[in-house]
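To keep things clear, I will list the structure first and then write my remarks on it.
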Amino acid sequence: MLTKRQLVILKEIVRLYTESGQPVGSKKLLDQLPMHVSSATVRNEMVHLEDMGLIEKTHLSSGRIPSTKGYRYYLDHLVEPSGVDASDLAVIETSFDQSYHQIDQIIAQSAKILSSLTSYTAISLGPELRDARLTGFRLVPLGDHQVMAILVTDNGAVENQIFSVPQELDSESLEKAIRIINDQLVGLSLTEVIQKLQSDIPQLLTHYMITPTGFLNIFGNVLKKAAQERFYVDGKMNLINPATVKNVDQLKSLYSLIDQNDDLAKLIGVPDQTIEVRLGDELTSDLLRNFSLITATYDVGDHGKGMIALLGPTSMPYSRMIGLLDVFREELAKKITDYYTHRGDE
């Protein structure tokens, strides 16, 4: 347990280092403390904090900086989210004030806004796609035995993919198969559609084609793509920071990590809290040892929950970032709710 004075000193070291990026010496700290203590007392308390592993000395200065353990303690016990500036709120509202034709456009825009506001890398994930419902499926002939498969869901998402059609599938059989899909599956969630595709639908299709495998592969592949979680990332250039990235190879590896949906899904995980901060060894990759990840979930009622996140240096200003994310997730949820309401009125 830390004493009250040690708590104040640790909090002040975090604040000063966050603001200046420079190690904090006892003299600087003494000038900023909200209490009257001697310089000897400050130095002694800094020694105690260092012995506990909460602050550490750098090679370049006699001052101290928060350690990863110190940041963890600060986040668990001391951080106080700050209010959002009126100018930041105006930027959020103005930037979201556009016409959107697909839910993914809102999600992509949210990452762009958040990255612009913070100068960090922003990651955004829409509400659970598997809860979306199928509203239509069709095939558009392209010639040379190729078709474009188009799948539409009730959240406004349109997924399309080009396939080569097996020789044995004639156009009449395809039309009958499409009719079965639309008659039997429209209105079901994508999760239910996937289940039906493995049980009832193959048997129905055998009435119209010798082997339904070719058609099922086409529909199954575009369905899988529609149901897949899609992360939107903006501000990758913000990863270029001497405090976090030491060389070009590390930067390339970081870019590769955030370009892969599966790697991002592992990194984000399933947050236990509405807003959560993980840092250093708590993250899934050694590449992120000098990074922090702040995740925030947002709720759009019957349409599910989504997530937004910020990836930045361990020394990011947590009070401002946590306060900003808290307001941002509410604005994003509001915009998505408005989108669904507008679609329902059409």
(message) What pairs come out if I take residues in segment 40-66 that are at positive phi and pair them with residues that are outside any helix (DSSP H, G or I) and surrounded by 13 or more Cβ atoms within 10 Å (Cβ to Cβ) whose C-beta lies under 7 Å away, six or more apart or interchain?
(response) Gly53/Ser67
(message) When you scan segment 92-110, do you find a residue that is in contact with a Leu (Cβ under 7 Å, 6 or more places away or on another chain), within 30 Å of Lys305 (Cα to Cα), small (Gly, Ala, Ser) and in contact (Cβ under 8 Å) with a residue 60 or more places away in the chain, even just one?
(response) yes
(request) Scan segment 146-158 and give yes if some residue there is touching a residue at least 60 places away in the same chain (Cβ under 8 Å), surrounded by fewer than 13 Cβ atoms within 10 Å (Cβ to Cβ) and farther than 22 Å from Asn290 by Cβ, otherwise no. (result) no
(message) Checking Lys334 against (1) modelled with pLDDT of 90 or more; (2) crowded, with 20+ Cβ neighbours inside 10 Å; (3) over 30 Å from Ser253 (Cα atoms): exactly one of these is not met. Which one?
(response) (2)
(message) Restricting to segment 60-73, give me the number of residues that are among the aromatic types (Phe, Trp, Tyr) and either part of a loop (DSSP other than H, G, I, E, B) or touching a His at 6+ places or on another chain (Cβ under 8 Å) (or both).
(response) 0
(request) Considering only segment 16-39, state which residues are touching a residue at least 24 places away in the same chain (Cβ under 8 Å) and of a type in the set (Lys, Arg). (result) Lys28
(request) For residues that are of a type outside the set (Gly, Ala, Ser), loosely packed, with under 14 Cβ neighbours inside 10 Å and closer than 30 Å to Ala227 by Cα, scanning just segment 61-101, find the one that is modelled with the lowest pLDDT. (result) His101
(request) For residues that are open to solvent by less than 40 Å² (accessible area, probe 1.4 Å) and not in a loop (DSSP other than H, G, I, E, B), tally how many sit in segment 19-33. (result) 3
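Pull up segment 164-194, narrow it to residues that are in a loop (DSSP other than H, G, I, E, B) and at negative phi, then point me to the one that is most open to solvent (accessible area, probe 1.4 Å). Before the answer, list the steps.
Kept after step one, since they are in a loop (DSSP other than H, G, I, E, B), are these residues of segment 164-194: 165-170, 186-188.
With at negative phi added as a condition, the list becomes 165-170, 186, 188.
Values: Val165: 18, Pro166: 38, Gln167: 141, Glu168: 119, Leu169: 19, Asp170: 74, Val186: 63, Leu188: 42 Å².
Of everything passing the filter in segment 164-194, Gln167 is most open to solvent (accessible area, probe 1.4 Å).
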(message) Here is a check on your reading of the model: is Gly21 in contact with a Lys or Arg (Cβ under 7 Å, 6 or more places away or on another chain) and under 26 Å from Arg278 (Cβ atoms)?
(response) no
(message) Give me the residue from segment 28-62 that is in contact with a helix residue (DSSP H, G or I) (Cβ under 7 Å, 6 or more places away or on another chain) and among the small types (Gly, Ala, Ser) and, out of that set, nearest to Thr18 (Cα to Cα).
(response) Gly53
(request) Quick one: Arg133 ticks every box in (1) of a type outside the set (Gly, Ala, Ser); (2) more than 30 Å from Ile258 (Cα to Cα); (3) surrounded by fewer than 20 Cβ atoms within 10 Å (Cβ to Cβ); (4) at pLDDT below 95 except a single one, so which number is it? (result) (2)
(request) Scan segment 38-51 and give yes if some residue there is modelled with pLDDT of 90 or more, polar (S, T, N, Q) and under 29 Å from Arg289 (Cβ atoms), otherwise no. (result) no
(message) For a quick check of your reading of the model, give me the residue pairs whose first member lies in segment 191-220 and is in contact (Cβ under 8 Å) with a residue 12 or more places away in the chain and farther than 14 Å from Leu174 by Cβ, whose second is of a type in the set (Gly, Ala, Ser) and open to solvent by less than 30 Å² (accessible area, probe 1.4 Å), with beta-carbon atoms closer than 8 Å and at least 6 apart or on different chains.
(response) Thr191/Ala227; Ile194/Ala227; Leu197/Gly220
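May I ask you to list the residues in segment 34-59 that are part of a helix (DSSP H, G or I) and small (Gly, Ala, Ser)?
Let us first name the residues in segment 34-59 that are part of a helix (DSSP H, G or I), namely 39-51.
Across segment 34-59, the qualifying residues are Ser39, Ala40.
For (1) open to solvent by 40 Å² or more (accessible area, probe 1.4 Å); (2) outside any strand (DSSP E or B); (3) in contact with a helix residue (DSSP H, G or I) (Cβ under 8 Å, 6 or more places away or on another chain); (4) of a type in the set (D, E, K, R), each residue gets a yes or a no:
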position	(1), (2), (3), (4)
Val245	no, yes, yes, no
Leu267	no, yes, yes, no
Val277	no, no, yes, no
Met307	no, no, yes, no
Gly323	no, yes, no, no
(message) Looking at Ala226, Ala296 in this structure, which one is surrounded by 13 or more Cβ atoms within 10 Å (Cβ to Cβ) and more than 25 Å from Leu117 (Cα to Cα)?
(response) Ala226
(request) Scan segment 247-265 for residues that are in contact with a strand residue (DSSP E or B) (Cβ under 8 Å, 6 or more places away or on another chain) and either in contact (Cβ under 8 Å) with a residue 60 or more places away in the chain or open to solvent by 100 Å² or more (accessible area, probe 1.4 Å) (or both) and report the count. (result) 2
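The values are calculated or read from the model by the stated rules, or taken from the named source; none is laboratory data. Since this is a predicted model, take the numbers as computed values, not measurements. Cβ sites come from the backbone with ideal geometry, for glycine too, and all protein chains shown count toward neighbours. Quick note on the areas: whole protein, heavy atoms, side chains included, nothing else; ligands and nucleic acids left out. Shrake-Rupley method; radii C 1.70, N 1.55, O 1.52, S 1.80 Å.
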